[in-house]
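Q: Have a look at this one before I ask anything.
The values are calculated or read from the model by the stated rules, or taken from the named source; none is laboratory data. Not measured: the values here are computed from a predicted model. When we count neighbours, we look across all protein chains shown, and the Cβ atoms used for this are built from the backbone with ideal geometry, even at glycine. Keep in mind that these areas ignore ligands, DNA and RNA; they rest on the heavy atoms of the full protein, side chains included. Shrake-Rupley method; radii C 1.70, N 1.55, O 1.52, S 1.80 Å.
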Amino acid sequence: MLAGNPFIDPFTSNEFMRHALVASVLVALVCAVAGTYVVLRGLSFVGDALAHGVVPGIATALLFGVSGVVGAVVSAAVMMTGVSVITRKSRLSSDTAIGLFFVGMLALGVIITSRSRTFVGDITRILFGELLGVTTSDLGWLLVALVIVAIVAIIAHRPFVLMSIDDGLARTSGFSVPFFHSLMLVLVAITVIASFQSVGTLLVLGMLIAPAAAGALVARRVSTMMLIAALYGTAASYLGLLASYHYDIAAGGSIVFVAVMLFGVTAIISAVLAHRHDDEVPHQHEHHH
Amino acid sequence: MTMKFPISTNTITNTMHTSICTIKSESLTVGHGHHTIIDDLHLQLMSGDLLTLIGTNGSGKSTLLKTLAGLLPALAGSVSVLGSAPGSSPKRVAYLPQHPVSSHTLPLRARDVVAMGRYAHLGLFRRETATDRAAVGDAITRTGTSNFADQPLRELSGGQQQRTHLAQVLSRQAEVLLLDEPTAGLDLAGKHAVAEIIASERARGVTIVLATHDLQDAESATVVMLLAQRIVAFGPPSQALSDDNVRTCFGFTQPH
């Protein structure tokens, strides 16, 4: 112990590192639950739109000295309404309309922030988070978010899984697709709001998607996928923070980078294994007519 | 064009069940938006009946099935399934969509996909009981899904996935089955299995509406409807499947 342990000491000797680790692990858990359904339903793009759409709200809140969370909640509500109206009414493909909507919101956020005297500091904080400045009350809010996300997942698990196969299947099984679709958007919004402080709105999508996508490649069951996503997210939090401490690099960026790298390695390994499996056991195809 | 098809299907071969009317439509118009496919349809199906819809792709078979499943609104007229609006009895009606196979890599085993057929009974919270597990096991056996039940869906061939989705529909143990091309992608053994399933479901009083482009599937039906963006023929197989009708429906005569 004389030389110090580079894997543990950063966290035992610095309170800000401990807070950062707890915060990012909580974010990883929230993202594992929400991300699993987002990946299954193919909602990544909507998640991205929501994450960027909250920027003007946070910027306005900061400009007036209000908590960024309040601004995020308001603008997330605006974004969600916009996204669901667009999905239902748009004559363009919903990708195009949602994409324009979110980039418009992002531009608005930049405009609002540019009125602030500390423009660069504020926009950086919103986009990339401020993981090393997390307070105990922030941790409390993250815990609340985790509880809410877990409750929603317990309530809506069955319709969410049905909808990941087909909306019609959920409908003919007696579940209201518009209601549960909105509930999933709420789940994503809560995740974005909970995570923007630690990893920022630009990077939250990485935490939402990468661990869950890695889980989808490996798992045979939805519950296993969620568990793998939680483990990957936790590992990325720890490794990212460690790298950030030792090499003096951005904490949020390091965590998300590790998460995406872990996904990449998993994707390569599972592709290689699947290829081998194909060579050993040729698939038996039934005839198509 | 307004045609009346007053079909009364009281010629049920199966007398083990008291026949009750399960699907009824009056002056029903079916289509997408402004595009009408079926106009002024009067339909009455009893328990144990099989209505076979025959036609090429895009002929309107799926549109009628989706309307009966409650996924598309009726454009005009009235239709009821088990005495209420389509889609309002999810526990008692099961629908197999065309190409239900999902493109992305879902982490679900075939067994899990079959068990999802019970969600209509289980709702949000109810735990699986022995009844649910028995229904799932029975559906897996009858569709020949047992050999790959524990494999992930994404590793299955098209035919295996089709059997899995059919098993899901059966596991609901519904009173009305709406099947959109259940034999698509199946080999001969699979087609025989589906024919056996249809016969045994009818024997226990289930009403089946089956979309197919295989004329052989129509011969045992109570009523046959030939579709080509309109109703070409509608009646008992012996009348509806005349060479003229089949030629109009497909553009050529199939041997049958």
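Q: Considering the stretch A:44-77 alone, what residues qualify as being in a loop (DSSP other than H, G, I, E, B) and surrounded by fewer than 24 Cβ atoms within 10 Å (Cβ to Cβ)? First the steps, then the outcome.
A: First, the residues of the stretch A:44-77 that are in a loop (DSSP other than H, G, I, E, B): A:54, A:64-67.
Matches in the stretch A:44-77: A:Phe64, A:Gly65, A:Val66, A:Ser67.
Q: Which ones in the stretch B:118-160 are touching a Ser or Thr at 6+ places or on another chain (Cβ under 8 Å) and among the small types (Gly, Ala, Ser)?
A: Those that are touching a Ser or Thr at 6+ places or on another chain (Cβ under 8 Å) and among the small types (Gly, Ala, Ser): B:Ala120, B:Ala135, B:Ala139.
Q: Looking only at residues in the stretch B:69-88 that are in contact (Cβ under 8 Å) with a residue 60 or more places away in the chain and in contact with a Gly (Cβ under 9 Å, 6 or more places away or on another chain), which one is nearest to the other protein chains (Cβ to nearest Cβ)?
A: B:Ala69
Q: Still on this model: When you look at A:Pro178, is it open to solvent by less than 20 Å² (accessible area, probe 1.4 Å), over 28 Å from A:Val110 (Cα atoms) and in a helix (DSSP H, G or I), yes or no?
A: It is false that A:Pro178 is open to solvent by less than 20 Å² (accessible area, probe 1.4 Å), over 28 Å from A:Val110 (Cα atoms) and in a helix (DSSP H, G or I).
Q: Which one of these is out of contact with any Lys or Arg (no Cβ under 7 Å at 6 or more places or on another chain), free of Cβ contacts under 8 Å to residues at least 60 places away in the same chain and either at positive phi or among the aromatic types (Phe, Trp, Tyr) (or both): A:Gly71, A:Gly65?
A: Unique residue meeting the criteria: A:Gly65.
Q: Also: If I ask for residues that are among the charged types (D, E, K, R), open to solvent by 10 Å² or more (accessible area, probe 1.4 Å) and more than 10 Å from every other protein chain (Cβ to nearest Cβ), which ones from the stretch B:163-187 would you list?
A: Answer for the stretch B:163-187, where residues must be among the charged types (D, E, K, R), open to solvent by 10 Å² or more (accessible area, probe 1.4 Å) and more than 10 Å from every other protein chain (Cβ to nearest Cβ): B:Glu175, B:Glu181.
Q: To continue, here is another question. Against the conditions (1) within 14 Å of another protein chain (Cβ to nearest Cβ); (2) more than 30 Å from A:Pro10 (Cβ to Cβ); (3) surrounded by 22 or more Cβ atoms within 10 Å (Cβ to Cβ), where does A:Val188 fall short? Just the number, please.
A: The failed condition is (1).
Q: Quickly run through the stretch B:222-233 and pick out the residues that are open to solvent by 10 Å² or more (accessible area, probe 1.4 Å) and under 17 Å from the mean Cα position of the chain (by Cα).
A: Selection gives B:Thr222 alone.
Q: Examine the stretch A:164-171 for a residue that is of a type in the set (Ser, Thr, Tyr), away from chain B (no Cβ under 14 Å) and surrounded by 21 or more Cβ atoms within 10 Å (Cβ to Cβ), and state whether such a residue exists.
A: Keep residues of the stretch A:164-171 that are of a type in the set (Ser, Thr, Tyr), which gives A:164.
After this cut, where a residue has to be away from chain B (no Cβ under 14 Å) as well, the list is none.
The answer is no, given that none of the residues of the stretch A:164-171 is of a type in the set (Ser, Thr, Tyr), away from chain B (no Cβ under 14 Å) and surrounded by 21 or more Cβ atoms within 10 Å (Cβ to Cβ).
Q: With the checklist (1) closer than 28 Å to B:Leu106 by Cβ; (2) more than 11 Å from chain B (Cβ to nearest Cβ); (3) free of Cβ contacts under 8 Å to residues at least 24 places away in the same chain in hand, flag the one item A:Ser182 doesn't pass.
A: It fails just one condition, (3).
Q: Just the residues that are in a helix (DSSP H, G or I) and over 17 Å from the mean Cα position of the chain (by Cα), please, taken from the stretch B:65-113.
A: B:Ala110, B:Arg111, B:Asp112, B:Val113
Q: For the stretch A:217-228, check the following and say yes or no: at least one residue is more than 13 Å from every other protein chain (Cβ to nearest Cβ) and aliphatic (A, V, I, L, M).
A: First pass over the stretch A:217-228, keeping only residues more than 13 Å from every other protein chain (Cβ to nearest Cβ): none.
No: the stretch A:217-228 contains no residue that is more than 13 Å from every other protein chain (Cβ to nearest Cβ) and aliphatic (A, V, I, L, M).
Q: Quick one: would you say B:Gly190 is open to solvent by less than 10 Å² (accessible area, probe 1.4 Å), out of contact with any strand residue (DSSP E or B) (no Cβ under 7 Å at 6 or more places or on another chain) and either over 20 Å from B:Ala69 (Cα atoms) or in a strand (DSSP E or B) (or both)?
A: yes
Q: Also, I was wondering about something else. Has the stretch A:258-271 got at least one residue that is in a helix (DSSP H, G or I), over 24 Å from A:Ala150 (Cα atoms), open to solvent by 30 Å² or more (accessible area, probe 1.4 Å) and at pLDDT below 90?
A: Yes, some residue in the stretch A:258-271 is in a helix (DSSP H, G or I), over 24 Å from A:Ala150 (Cα atoms), open to solvent by 30 Å² or more (accessible area, probe 1.4 Å) and at pLDDT below 90.
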